[in-house]
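Reviewing the structure listed below.
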Amino acid sequence: MKLHLGREDGQASANQLLRDDAKFAAQKIAFFQYLTVAVFLFLITGFWDLQIRNPEVYQERALENSVKSIPVLAPRGKILDRDGRVIVDNHDSFTLYLSRENLKMEHLRPIAEGLNIDYDGLVARVRRFQSRGAPQYQPIAIKEELTPGELAFVDSHKDANTFPELEVVHVQHRLYPRDGLAAHVIGYVGEVSEAELSTPEFANFHQGDVIGKDGIERQYNDQLMGVDGQRRVEVDSYGNERHVLDDKEAIPGKNLQLTIDLDLQAVAELTLENRRGAVVALDPRTGEVLAMVSRPAFDPNLFAGRIRSKDWKDLVDNPAHPLMNRAIQAQQAPGSTFKPIMLLAGLETGAIDDNFHISCPGGATFYGHFYKCWGKHGTVGLHEGLVHSCDTFFYNVGNRMDIDDIAHYAEMVGYGHKTGIDLPHEAEGVVPSRRWKIRTQHEKWFAGENISVAIGQGATTVTPIQMASAIGGIAIGGMWFQPHLVPEVHLLPARRGEVNLENVAKVISGMYGVVNEPGGTGWRARLPGIDVCGKTGSAQLVSNSAIKAGFKVAEDMKDNAWFVGFAPRDNPEIVVAAFFENGVHGQLAAPIVRDVLKAYFDKKARLAQPQPQIAHVPTDLLHQPPTLPVSSAAVNQ
C-alpha cells in the first residue's frame, strides 16, 4: 500500500515538473516575442522618422560627411595711373586652407612639420578663429604662395585617412611695383586684425578676411574689394571631387584710376634715391596729385600674403621709419618757405608796404636778444627780401605783426589743418597763436616769439602736401583746391581767399626772382624756356645758441632742406614741394623740384608733337582672299 502511494506521489511530482517546464518555456517564448515586436517597432519608428518625417535633416547630415565648402576668393580691382597704365595688378598663386568642418587638432603638428609652419603660431591661429565665432563653413588660411614641393605634400596627404582638412585654393594675390615705387600712395593689404574687427568700419568682416591696411588700398577698400564666392563639392573617401553641388561665382573688385602720372612718379622717386624726404607734385588748378613720393620706402609685396614676423619687426624697428608717409605725415618747420606767406600777410594787414626797407648787417636785436641772419644783405625791400631770403627783413615784418594775424593768413593758405587728401592718417601740422599756446602750454604768447615764427621756425610745422597746396593756391591767385588722388572722389568746394591780387602778384614776382635773378637762392631750379618760380628753405633742428654752446650736431639733427616751386609763372600748371630730410640747404632741394618740373614739360611737349599716321587700308581689300603666287612648275604643267 505504501509502495503504491509512493508511486502515485512520484508520478504526481513528475507531472508537476512537466507542467512547470512548459509554463516556463511559454514565458520565455512570450518574452522573446515581445522583445522582437519592440525592436521591430523601434526600427519602424526610426525608419519613419528618417524617411518620412525629417528626411532633409538626416540627408544634410549625411552630405556633411562627403561635401566640402571651398572659398572662391574675389580678386581686388587693379590700380591704374591717370593714363590707364597698371600700377597694382594681381598674380595667380595657391593658398592652403584648413577646412573647419573636418579639422582635427591632433593633425596640426604633422601638418606644421610637413609644410615648415610654426606649430605654436598655427594652433594660436586656429584657436583665434574658434574664439571669434567665425562661421563653421569659413576655412582658415594657413600658408600663401605654395611652392611646387608644398603642393605635392598637400596632394599626397589630403585624403580622408590622413589630413582631410587640407584644401588648396587658387587665389590672386596683390602684385605691387618693385623698389617701393609709390608704396606710400598705394599702401598695402593684409589680414584684418582683431582690433580692427572691433571697429564699426570693419564690423561686417570676419577673421581671415584680407583688407586694405594703408594708403589707397585702405581708403578705397570697399571699391577695390570684390564679393567672394563659394563652391560646394561632393568628395569621395580620398578627398577627390566627384561633382559640384553648388557654384557661387566671385564678383571681382572694381578697377581704380588715380591722378598719379607714372612718368612723373618715376622721376620723383629717382630724385630722392638714397635720401630721406618727400616730394609732392600737384595741379594747382584742380588739386590733382600728379606725383607723391616718400623715402625711404618699403616693399608692399611683403604684405601681399601674411607678412613674416621678422620682416614686420625690421620695418617697425628701422630708425629711418620707412612705413611713415612723409608726404602727408612729416610735420616739420617750413623754414624760409614760410616767407611768401609772411610777405602776403604783411601786405594784407598793412604792417608793411612798397616803401618798407630795412638794413641787414647780418642780424638784428629784438627784446634784448640778437637774431642772426644767414648773410649780410645791406638795404633790403620787399622784392629783395624774398629773392635773397633775408632773415633780418622778415624778423622786422614779424615784429610789426600780431601773432593772430600771422596765424590767420597761415590758416588761410591751408596750414594748421588737414588738406583732406584721400589718404588715411594725414597730419595737420601746427600754426601757433595765442589760443594755441593757452590750450597746449597754458601760457600767454610773448611778442618775442613772433621773430622765429616769421622765418618759419619756432612752433610752426607743416607737411609737404600742405606746402604744395598752399603755394599752389597763391600761384593761381588765392584759390585753394582740395588735393586728391582719385578723380571721382567727392571734393569740398574750392576756397577763395580774401586777398588783394596786387599783393599776390608781388609775392609771385619775388618767387620768380628767387629762381631767375642774380643772387636768388633757388637758381638751381632754373629751366631754359620755362618761367619757374620758387622758394628755398632751411629749417633748423638745433638752435644757434645750442650750437654756439658746443652742442655736437649729429647726422640726423642737421637742418632740413625745402624747396617749393611752380611753373609757368603765368597760369601755373604744376606745383612741386620737396622735403630733403637733413639736407642742410634749401638750394640742394631745388634740383629735385627742377627735375620733376622738367619731366612734366618734356612730356607735355612730346605729346604735343604730331603723331605718325597709320596708312589707311580700303575696307574692301581687307576682305579679299590673298593671291597666291603661281610657281613655274605649275605654269609648265
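The values are calculated or read from the model by the stated rules, or taken from the named source; none is laboratory data. Here the structure is a predicted model, which is why all the values come from computation and not from measurement. Note that each Cβ is placed from the backbone with ideal geometry, even for glycine, and that neighbours are counted across all protein chains shown. The protein model used for the area step is the full one, side chains on, heavy atoms only, and it has no ligands, DNA or RNA in it. Shrake-Rupley method; radii C 1.70, N 1.55, O 1.52, S 1.80 Å.
Tabulated results
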| read-out | value |
| --- | --- |
| All helices (runs of 4 or more DSSP H) inside region 149-221 with 1 or more residues being of a type outside the set (Gly, Ala, Ser) and crowded, with 19+ Cβ neighbours inside 10 Å | 183-186, 215-219 |
| Exclusive hit being over 30 Å from Ala494 (Cβ atoms), of a type in the set (D, E, K, R) and assigned by TED's automatic domain parsing to the domain that holds Thr286, set Asp391, Asp422 | Asp391 |
| First in region 581-598 and open to solvent by 20 Å² or more (accessible area, probe 1.4 Å), second anywhere and part of a helix (DSSP H, G or I) and charged (D, E, K, R), Cβ under 7 Å, 6 or more apart | Gln587/Arg524; Pro591/Arg524; Arg594/Arg524 |
| Residue ID - farthest from the chain's Cα centre (by Cα), chosen from residues in region 556-597 that are of a type in the set (Gly, Ala, Ser) and part of a strand (DSSP E or B) | Ala567 |
| Selection count, region 82-128, where residues are among the aromatic types (Phe, Trp, Tyr) and surrounded by fewer than 16 Cβ atoms within 10 Å (Cβ to Cβ) | 1 |
| Residues (free of Cβ contacts under 8 Å to residues at least 12 places away in the same chain and among the hydrophobic types (A, V, I, L, M, F, W, C)) located in region 64-122 | Val86, Ala112 |
| Failed criterion for His408 (all others in (1) closer than 24 Å to Gln587 by Cβ; (2) open to solvent by 30 Å² or more (accessible area, probe 1.4 Å); (3) in contact (Cβ under 8 Å) with a residue 60 or more places away in the chain hold) | (1) |
| Some residue of region 330-340 being under 20 Å from Asn560 (Cβ atoms) and open to solvent by 30 Å² or more (accessible area, probe 1.4 Å) | yes |
| Every residue from region 116-140 that is among the hydrophobic types (A, V, I, L, M, F, W, C) and at pLDDT 85 or above | Ile117, Leu122, Val123, Ala124 |
| Those strands (runs of 3 or more DSSP E) lying entirely in region 222-313 with at least 1 residues under 22 Å from the mean Cα position of the chain (by Cα) | 277-283, 288-295 |
| Residue match in region 141-148 (condition: at pLDDT 75 or above, in a loop (DSSP other than H, G, I, E, B) and under 30 Å from Val185 (Cβ atoms)) | yes |
| Residue in region 103-112 that is nearest to Gly149 (Cα to Cα), counting only those that are over 34 Å from the mean Cα position of the chain (by Cα) and part of a helix (DSSP H, G or I) | Pro110 |
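Residues are listed down the side, and each one gets a yes or a no for (1) part of a loop (DSSP other than H, G, I, E, B); (2) open to solvent by 70 Å² or more (accessible area, probe 1.4 Å); (3) modelled with pLDDT under 95:
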residue: Ile471; (1), (2), (3): no, no, no
residue: Ile474; (1), (2), (3): no, no, no
residue: Gln482; (1), (2), (3): yes, no, no
residue: Val489; (1), (2), (3): yes, no, yes
residue: Pro493; (1), (2), (3): yes, yes, yes
residue: Lys506; (1), (2), (3): no, no, no
residue: Thr521; (1), (2), (3): yes, no, yes
residue: Gly534; (1), (2), (3): no, no, no
residue: Gly537; (1), (2), (3): no, no, yes
